[in-house]
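First comes the structure, then the notes that go with it.
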Amino acid sequence: HSSTQQGHSAREEPTPSLTELRKILWTDRKPVESINQVWPNLYIGDESVARDLATLSSLGVTHVLNAAAGRHRINTGQRFYSSLDVEYHGVEAADHPEFHLQPFFVPATQFIDKALRSKGKVFVHCAMGVSRSGALVLAYLMICQGLSLTEAIVAVRLNRDIGPNSGFLEQLRQLELSLRTERGNHPDRKHDNDPGNKA
């Protein structure tokens, strides 16, 4: 006999529309700095910091996630960081609403999660540190920290005004809907997408 947890679904706000999400993202914005810590030991920043080994070293960064990797974008790579003890992960994403970023959500999330669990410091960047890197960090907060998309946006915006493009926002909405479906079956398990968590 299994009673469905009505209270659980009733308590959850419906996933906001794109228009509502854009409002949450684009009201009361402040100028974006080169780098900000947006979650404990998790930083978002721009290309200038990605290329500034002294700054990364002084911050104690151990992991770099480049969301704008590729020959015609920010072509740093593991070798660029060879003088630092840094683990590098590149995502060859274009900051374009048509770009399919969703397949990168889980690999990027796993990279961030593994780094933070090993007491590392993660620097996530793209060109401006606003759209691509913002979207990947939101995905991490949703998948690993169990936040809703709105909660994740609000949490990050306390420290940095990110702004994923409308296509990325829609893909994050879809992520939220699929996470809700999964968590609806296991409301108590945040780490459903964590491959290290063998249920």
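The values are calculated or read from the model by the stated rules, or taken from the named source; none is laboratory data. Quantities reported herein were computed from a predicted structural model and do not represent experimental measurements. Glycine gets a Cβ as well: all are built from the backbone with ideal geometry, and neighbour counts include every protein chain shown. Keep in mind that these areas ignore ligands, DNA and RNA; they rest on the heavy atoms of the full protein, side chains included. Shrake-Rupley method; radii C 1.70, N 1.55, O 1.52, S 1.80 Å.
Tabulated data
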item: Contacts under 7 angstrom Cβ, first residue in the range 156-185 being under 17 Å from residue 126 (Cβ atoms), partner among the acidic types (Asp, Glu), 6 or more apart; result: 165/95; 167/98
item: Matching residues, the range 98-137, being of a type in the set (A, V, I, L, M, F, W, C), open to solvent by less than 10 Å² (accessible area, probe 1.4 Å), part of a helix (DSSP H, G or I) and under 18 Å from residue 147 (Cβ atoms); result: 105, 108, 112, 135, 136, 137
item: Test for residue 170: is it at pLDDT 95 or above and in a helix (DSSP H, G or I); result: yes
item: Test for residue 39: is it aromatic (Phe, Trp, Tyr) and at pLDDT below 95; result: no
item: The one condition in (1) among the charged types (D, E, K, R); (2) modelled with pLDDT under 95; (3) outside any helix (DSSP H, G or I) that residue 182 fails to fulfil; result: (3)
item: Among (1) hydroxyl-bearing (Ser, Thr, Tyr); (2) assigned to a helix (DSSP H, G or I); (3) under 17 Å from residue 44 (Cα atoms), the one test that residue 150 misses; result: (3)
